[in-house]
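Taken together, the values in this text are just the output of simple stated rules run on the coordinates, not laboratory data. Owing to the predicted nature of the structure, the values given are computational and were not obtained by experimental measurement. Neighbour counts are summed over all protein chains in view; Cβ atoms, including those assigned to glycine, are modelled from backbone coordinates with ideal geometry.
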Amino acid sequence: YGRFTLRPHPQRAWTRMPRDSTWYGIERDWDAERRTAYLRDAIDAADPEVDFSRYDVVYLVADPDAPGVDSDATKVVNFDRPLRADDSDIRRVVTVFEQHPPDRNVLAHETGHVFDLADLYHRPTDGKGDWDTHVGDWDVMGSQFGLAPDLFGWHKWKLGWLGGRQVVCVQGSADLTLEPVAAAPVPGGSIGTRLAVVRTGADS
């Protein structure tokens, strides 16, 4: 909708870390001290080549061929106390631990977390079973493998990408014509109603 632009500036060569990759114990529910060491080491190692003051978000991508890289550990780290580099605060880092090729749409999903969008999948306590029971394929925050890997209209409204004229809060019976959320706006024209909010219960 023209409200957000992501301009990545990738580094063209790997940055060597000061410790072996296996030392960090990379996994989904990561030891906090080892995770902090990984983040600090990565920022320090890249600092001679990267001016971190230029960027709002930092993506740290691990070598997929390095031993001990658990692809399930990919996530966004939000700091209570930001890291410092180049006289600037680093408040959010996306840590990417993927095999090759990486999971489809993984960066779109993790970037959603940068904007405080929550996971919409069900995580079984035993790690087995269906992870996609809440919203299925209909939002990239529910499944980065989904058939419709976009954001819900609700998320686009929350982010300010949809304005009040594109949203109808239904309080009774109504006939609505909804435009596809994924359809690009026509330059100079109205983008129509993209989201209908319908109450389903006393608290929802």
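Sorted from greatest to least, the principal axis extents spanned by the alpha carbons of the stretch 153-198 come out as 33, 21, 16 Å.
Secondary-structure-derived ellipticity at 222 nm for the chain, considering helices only, amounts to -4500 deg cm²/dmol, per-run term -39500 (n - 2.57) for DSSP H runs with n ≥ 4.
Under 5 Å between amide hydrogens, built in the peptide plane, is the criterion, and for VAL140 it picks out ASP150, LEU151, PHE152 among residues at least 5 positions away or on other chains. Per-residue 3J(HN,Hα) values for the stretch 11-24, derived from phi via the Karplus relation 6.51 cos²θ - 1.76 cosθ + 1.60 with θ = phi - 60°, read 7, 8, 9, 5, 9, 7, 7, x, 10, 4, 4, 5, 5, 6 Hz in sequence order (x marks Gly and Pro). Scaled to the globular estimate 2.2 N^0.38 Å, the Cα spread of the chain, given as radius of gyration, is 1.21. Compute the FRET efficiency between SER204 and THR125 as 1/(1 + (r/R0)^6), taking r as their Cβ-Cβ distance and R0 = 25 Å, and round to the nearest 0.05. The formula returns an efficiency of 0.55 here. Here the Karplus curve 6.51 cos²θ - 1.76 cosθ + 1.60, taken at θ = phi - 60°, turns the phi angles of the stretch 54-64 into couplings of 7, 10, 8, 9, 10, 9, 9, 10, 7, 4, x Hz, with x standing for Gly and Pro. Amide hydrogen proximity for LYS75: with H placed 1.01 Å from N in the peptide plane, the residues at 5 or more positions away or on another chain lying under 5 Å are THR95, PHE97. Amide H to amide H distances under 5 Å link LEU159 with no residue, where only residues 5 or more positions off or on other chains count and H is placed in the peptide plane. Across the stretch 21-102, C-alpha contacts under 8 Å between residues 6 or more apart give a mean separation that, scaled by the residue count, equals a relative contact order of 35 percent. Using the Cα centre of the chain as origin and beta-carbon charges of +1 (Lys, Arg) and -1 (Asp, Glu), tell me which of ALA183, THR95, ASN78 is placed farthest towards the positive end of the dipole. Comparing the listed Cα positions along the dipole, ALA183 ranks first. Here the label points at ASP31 and PHE4, each 7 Å from Cα along the C-beta direction, are separated by 3.5 nm in the simple model. Scalar couplings 3J(HN,Hα) for the stretch 39-45, obtained by applying the Karplus form with A = 6.51, B = -1.76, C = 1.60 to θ = phi - 60°, are 5, 5, 4, 5, 5, 5, 5 Hz; x denotes Gly and Pro. The residues MET141, MET17, when put in order of fewest to most other Cβ atoms within 10 Å, stand as MET17, MET141. Net charge in the neighbourhood of ALA118 (other residues with Cβ under 11 Å of its Cβ; Lys, Arg +1, Asp, Glu -1) is -2.
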